[in-house]
Structure formats: structure tokens, C-alpha cells
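Here is the structure we will look at.
The values are calculated or read from the model by the stated rules, or taken from the named source; none is laboratory data. Please read all numbers here as calculations on a predicted model, not as lab measurements. Because the Cβ atoms are built from the backbone with ideal geometry, glycine has one as well, and the counts that use them run over all protein chains shown. SASA here: full protein model, heavy atoms, side chains in, ligands and nucleic acids out. Shrake-Rupley method; radii C 1.70, N 1.55, O 1.52, S 1.80 Å.
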Amino acid sequence: MEIQKIAIEINQNWQFRQVNTEKWHSASVPGNVHTDLMQCGLIDDPFYRMNELDVQWIDKVDWEYRVQFEIDEKLNYYDQLDLVFEGLDTYATVYLNESVILNADNMFREWRVDVKSVLEVGTNTLRIYFHSPITKDLPKLINLGYDLPAVSDQSIAGGLGNKRLSIFARKAGYHYGWDWGPRFITSGIWRSVILEAWNTARIESLHLITQEVTTDIARIQAIFEIQAQQATNADLCLEVNNVPHLKKSVQLEAGFNKIEIPFEIKDPQLWWTNGIGESCLYLIKGKLEVDSFLLDIVEQKFGIRTLRVVQEKDQRGTSFYLELNGVPIFAKGANYIPNDNFLSRVTAEKYRHIVKSAANANMNMLRVWGGGIYENDLFYDLCDEYGILIWQDFMFACAMYPADHAFIANVKQEAIQQVKRLRNHPCLALWCGNNEIDMGWSHELGDPWGWKKNFTPEQIQFLWNEYQRLFHQILPELVAQYAPGTFYWPSSPQAGLDERSTYQSTSGDMHYWGVWHGLHPFEDFKKYIGRFISEYGFQSFPELKSVKAYTIPDDWDIYSDVMKSHQRSPVGNQRIKNYMEQYYQVPDSFANFLYVGQVLQAEGIKYAIEAHRRQKPYCMGSLYWQINDCWPVASWSSIDYFGRWKALHYFAKKAFADILVSPTIDNGLLQIFVISDKLAPATAHLKLKLMDFWGNQQWEKNIPIEIPANSASSYFKIELSELLKNQKASEVALKVLLQANAQILSQNHLYFSLAKNLNLPEPDYQYEVADYPSGYKIKLKAKCLLKNVYLQMDEFEGFFSDNYFDLFPDEQVIIDYFMQQKVDNFADKLRILTLKGTYR
């Protein structure tokens with residue numbers, strides 16, 4: 001049966017110009033002014049060197065976009081013709097045939113306009129006037145009469161002095177800069193424009209709610225939301241995996257209709273997170289028929305699961321963990337930011353690469369941070385597919401926001417649309433009101449961030465009251481209304497609904513920035529552990545291949561203007577060096593400094609992840625900051641802007657493994673922990689071997705163990721003084737192996753001196769390269785300890801299955817190198833570096 005509703009994309013043949021100039025240029029939709037100016041050769045790449053400074057004028061002028069499109073007579077016969085703008089960034093006046101049809105003021109909202117009375121058969125002209133966000137919002141700051149905190153707004157770089165305007169626009173906060181991102185305040189048509197033609201009625205949404213699940217049956221409520229032009233009889237049909245499931249006759253009233261239809265799925269296959277089980281998805285189709293005509297159809301991939309956030313009192317405080325299908329889940333993952341400052345450039349391949357990389361690193365959760373965007377549908381579809389849970393922030397971060405009626409009304413509509421759009425995704429674990437505002441304001445706990453120092457007591461109380469109204473009343477009420485059963489958390493971090501988070505909190509979630517911002521040593525990752533660590537991190541530079549893409553050789557110094565510009569933390573480059581001096585020998589060469597910096601970051605975050613996991617079930621979440629970048633930069637990311645895995649991502653893959661063996665030293669006592677996220681117990685052997693760097697065994701221990709399901713326990717203890725008796729701590733390492741039959745479940749190692757003090761031997765190894773269909777296999781064998789083996793292919797793009805790893809004497813490893821195009825003399829082009837090779 002052919003569907004009557006028609007959707008026509010209007011994404012081709014657009015033009016744009018700066019207002020008050022004559023010449024029109026070709027434009028891309030979706031897109032924005034910056035990318036269109038680049039494509040037309042009117043500006044240089046803003047990411048290259050310090051070109052960012054040369055394009056700050058763009059946000060201070062107005063821009064126009066226009067297109068002509070045809071309407072034929074047949075289309076005009078439809079009852080309803082709507083123009084749907086899926087994303088306008090941000091302040092836009094829309095003209096159709098020179099009639100104003102829309103004034104838009106929110107990047108995060110979809111706008112639907114009935115245009116049947118304005119459209120003409122034949123040629124139509126659509127014109128969108130984008131007002132400068134700066135000129136629109138400056139009067140709001142003046143009228144407010146005081147500055148609201150907006151600590152990450154790089155207004156000075158934008159030529160605005162201390163006039164921080166990001167809080168006034170419902171627009172991605174990171175566009176105004178952050179401590180890992182540049183300042184590019186974009187304007188444009190950032191998502192598609194669609195002309196929809198429909199008759200009688202259309203399905204606005206299909207909401208699916210799992211009400212009860214057993215091994216035999218899943219009971220689901222389907223809620224159709226339908227807009228009807230007139231009262232009519234209709235049939236609503238449901239299909240499951242393309243098989244007709246049920247049909248119900250209903251009476252539609254003119255206007256909005258909400259119709260609930262319960263249905264059942266027998267022998268349901270549940271949706272599980274990555275590593276626990278299959279992420280099973282059902283294809284659900286909802287159809288609307290009138291007089292045997294198919295008016296509309298919606299499709300939704302749906303996962304059957306139960307999910308709740310458990311907060312229960314215990315001896316140490318109050319728990320905070322996710323329970324999926326009745327099973328406590330340790331959340332393993334990272335924070336996620338937009339993949340580009342220019343959002344239309346993020347391809348489907350880039351989205352899949354990031355989400356697949358998260359899954360390949362054994363992650364099961366990403367936190368969509370509140371200074372970016374509510375991501376594209378594809379991102380959530382991929383998380384559904386790969387079993388990645390989403391902690392979803394509303395788009396508020398590190399600032400106090402206006403509280404006027406227009407702003408709040410705008411936010412309400414934004415929230416309703418986004419909650420409804422995302423509510424069917426099984427990956428959606430919870431909604432969070434904002435990022436770090438509760439912590440930043442710290443009501444009744446002094447003024448640690450300095451936000452309140454310029455306000456009167458009356459203003460402080462007013463701002464706090466309005467904050468509570470938005471984040472403790474309006475947003476949770478909307479989540480409860482439009483996605484009942486979905487957990488809401490007011491702010492991250494927060495110890496409780498009315499309790500601030502500190503490093504000593506024993507409830508809620510925690511952002512631990514003692515390491516990095518507080519200059520704490522890595523060892524303090526073991527000291528400050530909360531119930532759910534939703535932020536912590538450490539920076540590194542991208543690899544040299546990535547740095548070359550935005551620099552020239554004269555820039556290759558961490559104190560050069562270009563390298564400092566591509567580092568938005570004011571203390572960042574020096575802080576990396578300071579930490580490096582604590583733990584490593586600082587190399588002389590720039591390339592080696594980048595390499596050791598990545599190893600430093602990876603070792604630090606590995607240390608944190610293992611500390612968190614050893615504290616299971618007290619701690620039930622470890623999300624480091626951050627998985628990705630929005631431009632080429634030194635940052636906390638584990639995957640750089642170009643999609644290349646840093647050392648951290650390789651280390652995270654091992655540290656987040658479903659079964660982990662983890663050695664640790666506390667107060668002179670060595671302990672070996674085994675952590676399992678598996679839902680079945682296991683029998684294994686724990687094999688410990690103390691050896692020097694040249695392969696001589698000094699001590700060994702083999703222990704049969706039983707590993708309970710979903711557990712973390714210590715299985716062996718020994719005093720360090722006993723283990724290292726008559727040993728040079730700088731020349732031995734403990735190799736730890738967890739094995740079941742011939743299968744290695746996990747392996748790890750422990751050194752007894754800081755890396756800078758290790759007496760590493762000169763590298764001695766052999767390697768062979770073998771050709772295979774999707775790339776090459778590299779067989780590497782060590783004759784002595786090879787610390788942090790770094791495999792490089794400078795001339796070509798590919799992916800190593802492992803990298804930055806330690807290889808012990810007489811061990812052999814096979815590394816896959818995946819690449820699309822074969823090269824001549826691959827073995828000669830392969831470069832191998834170890835930590836010893838960076839010593840002066």
C-alpha cells in the first residue's frame with residue numbers, strides 16, 4: 001500500500017551572502033556560514049594554525065540564504081503543506097515568497113509551519129535571514145544589568161571584552177569556546193529543510209513503553225500521537241519485524257489525538273549493554289489508515305529492557321548505579337562532545353567510528369555533555385545498535401542562565417521536543433539537567449568558583465530560586481510527563497537532590513579534578529572515589545601526524561603561539577610537562593614529547609579506571625573526560641579530531657575489559673584483584689611472575705581461583721618488602737596473568753619504580769611482516785623488556801589493533817594493521833619506538 005504523505009527535502013541549490021553585499025555564493029544545506037565561506041574560497045581553513053583569529057568577524061554580521069523550488073499542481077491538492085526546519089542556527093527570520101512565516105530563536109528546536117496558503121504552483125522562493133547572535137544578544141546583557149557567570153565563554157578572543165553572551169542564546173555553548181575548543185559562533189541551516197504534504201491526519205509520534213517483561217512475554221504500551229485536520233474514523237496498525245501484529249479502529253477528533261494500544265511480544269529477546277549480552281532490537285512500524293488509504297507510517301527500532309537508577313542507603317552512604325534487566329551494571333565509558341565545531345561536516349562514517357570505537361574499547365556508556373548539542377538521530381541509533389547507554393544532559397553547562405518568561409518558554413518547548421524524540425531509544429539511560437552548575441554555584445557552601453562575588457545577597461537568592469525552578473521543577477516535570485519512568489538528575493555532579501557534591505561525597509555522582517586542575521598526583525585517583533565518577537581526566541597532544549595537519553615545522557614547540565592556540569586550557573601545555581617531569585624523563589625532541597605525553601595520559605587514566613573498578617560495588621561508574629575532539633587540539637580526548645586512537649584509548653580497552661586482573665600497592669602491601677562484569681561465574685588460574693627486564697625469573701606463584709559473577713575481590717596479598725627482597729626495584733616487574741584452560745582472560749603488569757627511574761635495557765627485538773587481505777600482520781618478539789612499544793606508519797592511514805604496549809622478554813605478539821590500500825615495502829616503512837628510545 002503506497003503511503004500518501006510526501007516528504008521532499010529542500011537541500012539543493014541554496015545560495016548565501018553577507019547582508020548588505022550584492023554577490024550571492026553557492027551554499028550547502030545542511031551547513032553553516034563558516035563552511036560555506038570555506039567552500040567558496042572566501043576564508044582559509046579556520047582550524048589551520050591561528051586562522052581562528054581571522055574569522056571572528058563572521059558572528060558580528062547578518063547573513064542570508066535563499067533557494068527557489070517548484071510546486072506542481074498535484075502537490076497543491078494536498079490538504080496540508082508544511083515546511084519543516086529540522087535545525088536553524090539560531091536567530092532566523094524565514095520568508096516564503098517574501099511573506100514572513102517564522103521567527104526562530106532556538107538551535108535545538110524543530111520548526112513546523114503550515115505554508116499551504118503561501119505556496120504557489122510553479123516557482124517559490126524561500127529566504128532565511130540569520131541575525132548576528134552578537135547583535136541580538138548584546139541588548140539582553142545590557143537590559144539585565146549584571147553579568148551572569150559563563151566561565152568558558154571566550155568573549156575576549158571574540159573581541160567582546162568581558163561581554164559573555166553565550167547564556168542568552170539557545171545555542172551550543174561550545175560554539176563560544178571551551179577549555180578544549182575554539183570560538184566559532186556559527187549561523188546557518190544546520191539540519192535539513194523538508195516540505196511535507198499530507199491529507200486528513202499524520203502521526204506526530206509513536207511512543208513505546210515496556211510495562212512488564214518476563215522470559216515468556218513482554219507487555220508494551222504503544223501510544224500514538226496524531227494530528228488530524230478533521231474528525232474521522234481511522235485504523236491504527238502495528239507491525240513487529242515486518243509482520244502485521246494488530247489493527248485497531250479508532251475515532252479521531254480534529255486536532256491532537258493520543259491513543260493507547262497495548263500489545264505483547266512473546267519470547268522477548270532483551271536489549272543488553274555491550275559486553276553483557278546482545279543488543280537486540282525490534283523493528284516496530286505504526287501505520288495510520290483511513291478508508292483503506294495509508295496516510296502515514298513511522299518506524300522505530302525498539303529494545304525491550306527495564307532500566308532504573310538505584311539509590312539505596314547502605315553502610316557507607318547511598319548507592320548510585322544502573323540496573324538493567326534486574327542486573328547491576330558498572331558503567332564504563334567516557335564523556336562525549338560534538339565531533340566538529342562545524343556540525344554538518346560530521347559524516348555517518350565519523351559517527352560510526354566514534355561509537356564503534358567506544359564499543360571496541362569495552363565501553364557501555366557515553367555521557368552526552370551539556371555544552372554541546374542533542375545529537376543527531378543516527379548517533380542514538382548507533383548507540384542502540386552497539387549497546388552503549390547514554391547519560392543525556394540537557395544543554396546547559398558551567399553558567400547561570402536568564403530566567404525571563406521568553407527564555408523559559410523557549411526552553412520548555414526545546415525540552416518537550418527532545419524528550420519525545422529520544423524516549424524510545426533503549427540506550428537512553430537518564431536525563432540530567434545540566435553540567436556543573438550546582439557545583440559552580442555551590443549554594444550555602446561559600447563561593448569556590450567565584451561566581452557569587454559580584455552579586456548582592458538578594459540577587460544570589462533570586463538566581464538560586466530561578467535555578468531551582470528550571471532544574472528542580474520544570475525539567476523533571478517535563479521528563480515525567482513525556483517520558484514516564486525515565487530517571488532525572490538535576491545536575492552533574494550532585495550528591496543528592498539538594499546536596500552538593502564534594503570529593504568526600506558517598507552518594508550521587510562525582511567529578512574528580514584533583515588530578516590535573518588540583519595538581520594532585522595520579523596516586524590520588526585511589527584516594528578520591530565516589531559512587532559514580534562521571535568526570536575525571538588528563539590531557540595529551542595528538543600524535544605528530546595529526547599535529548602536522550594544522551602546523552608547520554616552525555610551530556613544533558609546545559610554547560609556540562600555534563601550539564598554545566591549539567590548547568585551550570590556559571595551563572595545559574605546561575601542566576602536561578610538569579606531570580611528565582614527575583613520572584617520566586622529558587624527551588628533547590618534539591615528536592618524542594608528544595609520544596611520551598600520550599603514554600603519560602594513558603597510564604594516569606588506566607590507574608584511575610582500575611582504582612574505580614576495584615571498588616565495585618561501592619563505585620559503579622567510571623566515565624573519563626573525554627572520548628573525542630571537535631577540532632585538532634591538545635585535550636583530554638582518547639581519540640583525536642582525525643579519528644586516530646591515542647594511547648589512552650588502547651589502554652582504556654584493556655582497563656575496561658569485562659574481566660580484569662588488577663595489581664595494586666597500598667601501604668606496602670601488594671594485592672591482586674580480579675573484577676568481572678560477566679553474568680556467569682568462572683574458574684581460572686592466577687599466575688604471578690616477578691622477572692627482571694632481561695627475562696630472568698625471580699619469583700612466581702600460581703593460584704586456582706573461583707570468580708563470582710559481577711564481582712570484584714582481592715585474591716592474593718604479599719608484603720612488598722618480602723616480594724622485592726634482594727631485588728632492584730628499578731629493574732624488575734610483576735607480570736600478572738589470569739587464565740582459564742588455554743584462554744587468557746586478562747593480563748596486566750606492575751612496576752615498582754616510577755617510569756623515569758626504570759633501568760630500561762636498550763631495545764632488542766625481531767619482527768616480521770606478513771601480507772593479508774585487509775592489511776598486514778606484524779609479528780614482534782622481544783629479547784628484553786620493550787616498554788610502551790609505539791608502532792607508526794607516517795605516510796599512510798591505517799589502524800593498529802594494539803599499540804603503546806609493554807612486551808616482556810621472550811614474549812611474542814601479533815599486531816594487525818588494517819588499511820584499505822596496500823603499499824610497497826611496508827616493513828621498511830614501519831617505524832618502532834619504545835620509551836627507552838626517548839631517553840636523552
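Brief remarks follow.
- Unpaired by the 4.7 Å Cβ criterion, cysteines found in the chain: CYS40, CYS237, CYS280, CYS398, CYS432, CYS619, CYS630, CYS784
- Shape call, region 95-244: gyration tensor on alpha carbons, a/c limit 1.5: oblate
- Note on LYS781: aspartates and glutamates with a C-alpha under 13 Å away, same-chain residues under 8 apart excluded, are ASP764, GLU768, ASP806, ASP810, GLU811.
- Sulfur and carbon atoms: percent of accessible area, region 740-840 [1.4 Å]: 43 percent
- Additional length obtainable on full extension of the chain from ILE665 to PHE818, 0.36 nm per residue less Cα span: 51.3 nm
- Relative to the dominant Cα principal axis of the chain, helix 405-422 is inclined by about 70°.
- Most to least accessible of ARG316, ARG164 (protein chains only, probe 1.4 Å): ARG316, ARG164
- Per residue, the chain exposes 39 Å² of accessible surface when a 1.4 Å probe is rolled over the protein heavy atoms with every protein chain present.
- Taken about its Cα centre, the chain carries a charge dipole of roughly 2000 debye when the Cβ of each Lys and Arg holds +1 and the Cβ of each Asp and Glu holds -1.
- Helix 377-386 axis, angle to the chain major axis (alpha carbon atoms, nearest 10°): 40 degrees
- Sparsely packed loop sites in region 1-103 (the GluC sites (Glu not before Pro) outside DSSP H, G, I, E and B with at most 13 other Cβ atoms within 10 Å) comprise GLU2, GLU22, GLU98.
- Take the Cα of ALA406, step 7 Å toward its Cβ, do the same at LYS420, and the gap between the two points is 2.4 nm.
- Simple spin-label estimate for ILE703 and ASN13 gives 7.4 nm between the two label positions (7 Å along the Cα-to-Cβ direction from each Cα).
- If you plug the beta carbon distance of TYR772 and ILE217 into 1/(1 + (r/R0)^6) with R0 = 30 Å, you get a FRET efficiency near 0.05.
- Partners for LYS678 among aspartates and glutamates (Cα-Cα distance below 15 Å; same-chain residues under 8 apart left out): GLU278, GLU323, ASP658, GLU706
- For the chain: rounded, prolate or oblate by the Cα gyration tensor [a/c cutoff 1.5]: prolate
- Distance-filtered residues of region 507-548 - backbone nitrogen under 12 Å, label point 7 angstrom along GLU499 Cα→Cβ: 507-509, 531
- Summing Cβ point charges (Lys, Arg +1; Asp, Glu -1) relative to the Cα centre of region 44-161 gives a dipole of roughly 280 debye.
- Selection of GluC sites (Glu not before Pro), region 183-259, meeting DSSP coil and at most 15 other Cβ within 10 Å: GLU253
- Note: relative contact order over region 46-115, using C-alpha pairs below 8 Å and six or more positions apart, is 26 percent.
- Residue-averaged 222 nm ellipticity for the chain, from DSSP H runs of 4+ at -39500 (n - 2.57), nearest 500: -5500 deg cm²/dmol
- With all protein chains modelled, accessible area of ASP810 [1.4 Å, Å²]: 110 Å²
- By the rule of a C-alpha distance below 20 Å, with chain neighbours fewer than 8 residues away ignored, the lysines paired with LYS23 are LYS60.
- Taking label points 7 Å from Cα along the Cα-to-Cβ direction, PHE462 and ASP828 give a separation of 7.5 nm.
- Model label zone, TRP513; criterion: amide N under 20 Å from point 7 Å along Cα-to-beta-carbon; scope region 487-501: 490-496, 499-501
- Rounded FRET efficiency, nearest 0.05, which uses the C-beta distance separating ASN162 from VAL310 and R0 of 45 Å: 0.55
- Restricting region 11-53 to trypsin sites (Lys or Arg not before Pro) that sit in a DSSP loop and have at most 15 other Cβ atoms within 10 Å of their own Cβ leaves LYS23.
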